């Protein structure tokens with residue numbers, strides 16, 4: 001913004017969220033450790049989720065399929081506790097859809113589709129060559 005509006009201080013820059021965010025070297029490194037587990041319990045603990053046995057939530061907020069007999073009564077297959085991490089983020093950071101997106105992690109999906117397409121092309125080529133041989137045998 002070249003000229004600041006009258007209601008802003010003209011001596012400072014505005015629109016902080018549109019500045020060079022990549023200048024921060026720890027921008028992509030500071031994100032949730034997804035799927036991190038901390039402790040695996042052997043038996044049901046008081047205060048844990050009655051459905052899965054994890055201490056990080058209760059039965060009402062459990063995201064697992066409701067069991068016929070929960071971990072509270074069976075004491076079997078108790079889910080490990082999840083690591084809860086908090087971040088101090090500003091308004092823009094909370095709403096950034098692409099925060100911590102790593103394009104390199106999507107490469108394996110692309111490779112899988114390319115391998116499928118290559119196998120399909122090879123199969124169709126074999127079918128075409130095989131069909132031509134069958135036609136030659138019929139007419140000869």
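Among helices (runs of 4 or more DSSP H) entirely within the range 61-140, having at least 1 residues that are surrounded by 10 or more Cβ atoms within 10 Å (Cβ to Cβ), on the phi < 0 side of the Ramachandran plot and in contact with a strand residue (DSSP E or B) (Cβ under 6 Å, 6 or more places away or on another chain) singles out no element at all. Among residues that are modelled with pLDDT under 80 and out of contact with any helix residue (DSSP H, G or I) (no Cβ under 6 Å at 6 or more places or on another chain), residue 96 is not included.
Residues in the range 59-111 that are in contact (Cβ under 8 Å) with a residue 40 or more places away in the chain and under 16 Å from residue 49 (Cα atoms): 80, 81, 82, 83.
Condition check: touching a helix residue (DSSP H, G or I) at 6+ places or on another chain (Cβ under 8 Å), assigned to a loop (DSSP other than H, G, I, E, B) and at pLDDT below 90. Does residue 30 satisfy that? It is false that residue 30 is touching a helix residue (DSSP H, G or I) at 6+ places or on another chain (Cβ under 8 Å), assigned to a loop (DSSP other than H, G, I, E, B) and at pLDDT below 90.
For residue 45, the test of being exposed (fewer than 10 other Cβ atoms within 10 Å of the Cβ) and without any contact (Cβ under 8 Å) to a residue 60 or more places away in the chain is failed.
Scanning the range 86-133 for residues being closer than 22 Å to residue 36 by Cβ and more than 20 Å from the chain's Cα centre (by Cα) gives a total of 1.
The values are calculated or read from the model by the stated rules, or taken from the named source; none is laboratory data. Predicted, not measured: the structure shown is a model, and the values here were computed from it. Positions of Cβ are generated from backbone atoms using ideal geometry, with glycine treated the same way; all protein chains shown enter the neighbour counts.
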